[in-house]
Structure formats: structure tokens, C-alpha cells
Amino acid sequence: MTELIEPQVPATGHPGGDIASEELIGHGHFRTHFDEPSLDYDAADVTITDETRAELVTIAARYPQARSALLPMLHLMQSAEGRVTPAGIEICAEILGLTAAEVSGVATFYTMYKRRPVGDYHVGVCTTALCAIMGGDEVYSALQDHLGIGNDETTEDGLITLEHIECNAACDFAPVMMVNWEFFDNTTPQKAIDVVDTIRAGHEITATRGARVCTWRQAERVLAGFPDGRADEGPTAVGPSLLGLNIARERGWSAPPVPEPESDEPDEPDEEGEK
């Protein structure tokens, strides 16, 4: 296998520069995506099972161009390993005919790919724009205090990882929190604390719009393209999301018809030989 050579993060300072230093509600600097070393080199002993390898090959076969399978393949690796590891990078590169550097570049670019072990429940609080205005900062701060952890950190029992999220794409229900990518809408500091306390008590939780919440590894497997049968559980689009559609229906509005595409075929001559 190609040896991955990665510059190590200095003991002080931020590899992302000053832009990586952020503050929320007086909590000072918290870790961001830029603070993490690219890969966890302490995970050098990870072994890819034959079953996982076979599923990676199955994913790659779904795409006309195999390299398009890289994103779901990385999600599958996280399902199997709990994060992206050097071994995961190598096996994806081998199957797709890419270099380890090409795979590593993708794995370290997107924030949904984790470089350290994630807890059984990944709690992400949106603090961007509308969610921040509606109280997302306060929700995040309350969870930091309640759980005793900072951004992208995991509780000592390995149960909950907390992350400051840049937009959960649910502005109509702001502020929004997600647990393993399931929505918890119109949340408040107390509602968020109640959710994590329910998790800690070992009870099942159900999303505001969506399914019963599975573990993070199970969710990663779903993102890899292996359904868990929960897709139709609970409502998905409700309330504000449907407001425009309901108004259109009440007023009889409809979208204009889609024009027929122009044909690339030459016009057929008429009976007199003219086009």
C-alpha cells in the first residue's frame, strides 16, 4: 500500500490560521474542522473485514464512473470504523483506482467525514444565520455546559458527540438541532437538554420530522446506501415547509407547462419538397 505522509499538527496554534478561532457565548475557542489533523494515525491497526470490502465493491459497481462512489464508500467506512482511518483511505483508493492522496483530499474536505471516533449519538446544533438569531447559540452553549464538552468532542462514556453545525437546511423550523442527522425542530436550551438526557437514560428518541433515531454508525450505513426500513417513519414535510404549496392549491395556482424540447432532427420536406 502507498504510505500516507501527513504533516502533523503543531502543539500550539491552529492549522487553519486565525480563522479557526471562534467564540460562542463566552466559551472561548472551540475546535473546528480545521483544528483536526487530517487522519488518525493512532488507528493504524484497523483491519477491513471481507464483508466490508465486498460492500465497498458493491457500492462502486452502482456508478457508471466508479470514482463517483467515493462519498458513500467513505460513509460505509465510518459505519464500520467509527471514523475515516488510513486503512479506510487505502481500501477506497485501491477499489476505485485512485491515489491515497485523492481519497484523503475528499475525506478531509467534507465535515461529515470524521477523523476521530464519534459517539453513538452525534448532536449537531445549527448556529448559522437564522438559527443563530432564533436562539441556536444559546442551545449550543447550554449543551456545552450540560455535557461538559466543546465542539467536536465526545463525552467520556462515548455516548454523545457535540458539534457546532453550519446550517442544517431547515431554516423554517429554526433553531434546529440534529441527532444522527434527524431533525429536532424549534428547539430550546431545555428541549435540547431533555433530548440528550433521554439518550443518556437509554431511552429511544424520535425526530420531530422523521424516524426513530438510530446510532451514528447505523445512520452512516444508511448514507452509504443500505436502507434500514425507517425512511417512511413519521412526517417529513409539515407546517411552514408546505405553506407555499397550500396557498397555491387554495388559489388554484399551478406551474406553467414545460415547453417541448426543440428537436435536433432536420425538418421533413412537405409534399412539394419544401421544408
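Just so you know, all these numbers are worked out from the coordinates, no wet-lab data involved. Because the structure is a prediction, the values reported are computed rather than measured. A quick note on method: Cβ atoms are made from the backbone with ideal geometry, for glycine too, and the neighbour counts reach across all protein chains shown.
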Between residue 198 and residue 248, what is the label-point separation in nm under the 7 Å Cα-to-beta-carbon projection? 3.3 nm
How far apart, in nm, are two points set 7 Å out from the Cα along the Cα-to-Cβ line at residue 99 and at residue 241? 4.2 nm
Given 0.36 nm per residue, what is the gain on full extension from residue 233 to residue 157 after removing their alpha carbon distance, in nm? 24.4 nm
Using the Karplus curve 6.51 cos²θ - 1.76 cosθ + 1.60 with θ = phi - 60°, what ³J(HN,Hα) values do you get for each residue of segment 192-199, in whole Hz, with x for Gly and Pro? 5, 5, 4, 5, 5, 5, 5, 4
Report the paramagnetic label zone for residue 215: residues of segment 150-193 whose backbone N is under 18 Å from a point 7 Å from Cα along the Cα-to-Cβ axis. 154-162, 179-182
Residue 153's amide H: which non-local residues (gap 5+, or another chain) put their own amide H closer than 5 Å, with H modeled 1.01 Å from N in plane and none for Pro or chain starts? 162
Amide hydrogen neighbours beyond the local backbone of residue 120, cut-off 5 Å, H modeled: 159, 160
Tensor-based shape of segment 111-174 (alpha-carbon gyration tensor, a/c under 1.5 rounded, otherwise prolate or oblate): oblate
Can you bin segment 38-107 into rounded, prolate or oblate? Criterion: square roots of the alpha carbon gyration tensor eigenvalues sorted a ≥ b ≥ c, rounded for a/c under 1.5, prolate for a/b above b/c, oblate for the rest. oblate
Cleavage-rule hits (trypsin sites (Lys or Arg not before Pro)) in segment 58-102: DSSP loop, at most 14 neighbouring Cβ within 10 angstrom: 62
Percentage relative contact order, segment 38-107, counting C-alpha pairs under 8 Å, at least six apart: 36 percent
Tell me whether segment 78-207 comes out rounded, prolate or oblate; compute the Cα gyration tensor, take square roots of the eigenvalues as a ≥ b ≥ c, and use a/c under 1.5 as the rounded threshold. prolate
